[in-house]
Amino acid sequence: MNIHEYQAKAILRNFGVPVPEGHVVYNTNSARDWAKRLGDGPWAVKAQIHAGGRGKGGGVKIAKTADEVKQYARDMFGMTLVTHQTGPEGKIVKRVLIEQGCDIADEFYVSFLVDRATDKVTLMASAEGGMDIEEVAAKTPEKLFFEAIDPVVGLTAFQARKVAFKLGFAIPQVKQAVPLLMNLYKAFVEADCSLLEINPLVLTGAGDLLCLDAKINFDENALFRHIRIRDLRDYDEEDPMEIEASQYDLSYIALDGNIGCMVNGAGLAMATMDIIQHYGASPANFLDVGGGATIERVTEAFKIILSDDKVEGILVNIFGGIMKCDVIATGVVEAAKQVGVKVPLVVRLEGTNVALGKKILAESGVDIVSADGMADAAQKIVNAVKG
């Protein structure tokens with residue numbers, strides 16, 4: 001789950017991490033009023049969307065007067081902000097963060113993430129932070145350095161000092177950086193984050209370290225432990241079909257192709273998308289119905305797939321292990337009848353009770369094409385769509 005910058009900073013503030021004072025607003029008059037409450041300018045006016053690269057897209061402005069704050073906020077509200085992370089469709093700005101400006105002397109990059117290679121939380125940092133960090137990572141990866149954190153011991157003061165010195169901090173900044181990094185790690189662990197990114201971490205003209213921007217992603221499997229964090233979810237920033245899918249424990253991600261996929265198991269779903277691509281078409285989605293698919297869940301999966309206007313055919317690829325093929329076949333038939341599928345439908349079943357499952361499909365009276373094997377299924381749906 002993603003949250004907005006202003007929400008991330010509120011969480012970090014509770015862990016003792018230095019962040020600028022600011023307030024989120026939903027209209028232009030409030031923008032000017034809050035700028036005055038925050039004290040003398042300049043102020044940063046920052047569009048709040050779930051995407052990076054806002055500065056390059058016109059979503060971050062520095063205002064010198066309260067009237068400029070109001071004007072910049074007016075320009076941002078309702079705008080479609082396009083960045084390298086939103087795609088060409090962009091995201092509509094519905095809230096704006098008004099924040100105290102600061103005198104930036106230097107910028108750095110710091111993040112905590114789960115490293116699957118080491119099975120540890122890893123601290124990643126660079127002395128070159130700011131808007132071009134992706135370019136730094138791509139062209140000069142040697143400027144990024146990593147510190148793996150023992151999950152039993154946690155981030156130690158020694159490791160934090162080591163990172164601070166690698167960033168080139170002088171002793172006064174090292175003394176600030178050690179508790180700052182350790183508090184960031186504490187926030188990462190206690191809030192069950194999957195990513196915590198500070199870009200940039202700035203050194204002010206007065207010699208203070210300040211987290212000027214913050215991005216936090218959370219492990220959705222742990223949200224039951226964090227009711228307040230779960231309530232920060234902004235549904236306006238998410239795909240409506242993905243939201244609907246989550247209500248039925250379906251793992252769904254919309255893609256750009258024309259063949260809808262319904263599969264049980266993430267690995268099989270990935271392989272299904274690959275083989276569709278191999279035979280000359282593109283998947284319209286990733287959809288994992290899970291190992292305990294019910295008729296209701298399969299029906300909702302069909303509805304979600306068909307709500308995408310780009311879908312011209314559906315491939316159902318099921319391996320019956322825990323879930324028997326005859327149960328899946330019954331669910332597919334009932335769902336197809338309820339929904340009224342009007343596009344080509346190819347079903348490939350394999351596993352427990354596969355013969356009975358195929359018999360149910362054949363005798364259903366529904367226009368379902370049965371397939372033997374993934375290659376056969378992919379070829380049939382691609383040919384059906386292409387006519």
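The values are calculated or read from the model by the stated rules, or taken from the named source; none is laboratory data. None of these values were measured; they are calculated from a predicted model. In this analysis, Cβ positions are derived from the backbone assuming ideal geometry, glycine residues included, and neighbour counts consider all displayed protein chains.
Residue by residue, here is whether (1) part of a strand (DSSP E or B); (2) more than 17 Å from C211 (Cα to Cα) holds:
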site	(1), (2)
N29	no, yes
A35	no, yes
G41	no, yes
G52	no, no
G58	no, yes
K61	yes, yes
Q71	no, yes
E89	no, yes
K94	no, yes
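Counting only residues that are under 23 Å from I229 (Cβ atoms) and in contact with a Gly (Cβ under 9 Å, 6 or more places away or on another chain), how many does the range 188-211 have? Write out each step before concluding.
Of all residues in the range 188-211, those under 23 Å from I229 (Cβ atoms) come to 188-199, 201, 211.
Retained after the next criterion (residues that are in contact with a Gly (Cβ under 9 Å, 6 or more places away or on another chain)): 189, 197-199, 201.
So the answer is 5.
Consider only pairs whose beta carbons are under 6 Å apart and that are at least six residues apart or on different chains; among these, list those whose first residue lies in the range 273-298 and is under 22 Å from Q338 (Cβ atoms) and whose second residue is exposed (fewer than 15 other Cβ atoms within 10 Å of the Cβ) and modelled with pLDDT under 95.
Listed pairs, sorted by first residue: A284/K310; D288/A266.
Is at least one residue of the range 103-110 part of a helix (DSSP H, G or I), modelled with pLDDT of 95 or more and either in contact with an Asp or Glu (Cβ under 9 Å, 6 or more places away or on another chain) or within 29 Å of S194 (Cβ to Cβ) (or both)?
Just the residues of the range 103-110 that are part of a helix (DSSP H, G or I), to begin with: none.
Checked against the condition, which is being part of a helix (DSSP H, G or I), modelled with pLDDT of 95 or more and either in contact with an Asp or Glu (Cβ under 9 Å, 6 or more places away or on another chain) or within 29 Å of S194 (Cβ to Cβ) (or both), the range 103-110 yields no hits at all.
I need every pair where a residue in the range 139-156 that is free of Cβ contacts under 8 Å to residues at least 60 places away in the same chain and among the basic types (K, R) has its Cβ under 7 Å from the Cβ of a residue that is assigned to a strand (DSSP E or B) and surrounded by 11 or more Cβ atoms within 10 Å (Cβ to Cβ), sequence separation at least 6 or different chains.
Between residues of the range 139-156 that are free of Cβ contacts under 8 Å to residues at least 60 places away in the same chain and among the basic types (K, R) and residues that are assigned to a strand (DSSP E or B) and surrounded by 11 or more Cβ atoms within 10 Å (Cβ to Cβ), the close pairs are K143/S126.
Specify the residue that is nearest to F302 (Cα to Cα); the eligible residues are those in the range 272-289 that are assigned to a helix (DSSP H, G or I) and not β-branched (V, I, T). Talk me through it step by step, then tell me what you get.
So in the range 272-289, the residues assigned to a helix (DSSP H, G or I) come out as 272-278.
Filter once more, so that each one left must be not β-branched (V, I, T): 273-274, 277-278.
Numbers: M273: 17, D274: 21, Q277: 21, H278: 24 Å.
Looking at the filtered set, the residue picked out is M273.
Out of all the residues in the range 290-304, is one or more in contact with a Ser or Thr (Cβ under 8 Å, 6 or more places away or on another chain) and either among the small types (G, A, S) or not in a helix (DSSP H, G or I) (or both)? Let's see the steps before the verdict.
Applying the first criterion (in contact with a Ser or Thr (Cβ under 8 Å, 6 or more places away or on another chain)) to the range 290-304 yields 290, 295.
Adding the requirement that they be either among the small types (G, A, S) or not in a helix (DSSP H, G or I) (or both) leaves 290.
Checked the range 290-304: at least one residue is in contact with a Ser or Thr (Cβ under 8 Å, 6 or more places away or on another chain) and either among the small types (G, A, S) or not in a helix (DSSP H, G or I) (or both).
Give V343, V354, V327, V369 a once-over and let me know the one that is in contact with an Asp or Glu (Cβ under 8 Å, 6 or more places away or on another chain) and either surrounded by 16 or more Cβ atoms within 10 Å (Cβ to Cβ) or at pLDDT 90 or above (or both). Spell out the reasoning first.
On the way: V354 fails: in contact with an Asp or Glu (Cβ under 8 Å, 6 or more places away or on another chain); V327 fails: in contact with an Asp or Glu (Cβ under 8 Å, 6 or more places away or on another chain); V369 fails: in contact with an Asp or Glu (Cβ under 8 Å, 6 or more places away or on another chain).
Sole residue among the options that is in contact with an Asp or Glu (Cβ under 8 Å, 6 or more places away or on another chain) and either surrounded by 16 or more Cβ atoms within 10 Å (Cβ to Cβ) or at pLDDT 90 or above (or both): V343.
Just to confirm my filter: which strands (runs of 3 or more DSSP E) fall fully inside the range 155-271 and include at least 1 residues that are among the small types (G, A, S)?
Working: elements: 193-204, 209-211, 215-218, 251-254, 259-263.
Because the criterion is at least 1 residues that are among the small types (G, A, S), the strands (runs of 3 or more DSSP E) in the range 155-271 that meet it are 193-204, 251-254, 259-263.
Of all the residues that make up the range 133-154, how many are outside any helix (DSSP H, G or I) and on the phi < 0 side of the Ramachandran plot? Break it down stepwise before answering.
Narrowing the range 133-154 to residues outside any helix (DSSP H, G or I): 140, 144-154.
If we keep only those that are on the phi < 0 side of the Ramachandran plot as well, we get 140, 144-153.
So the answer is 11.
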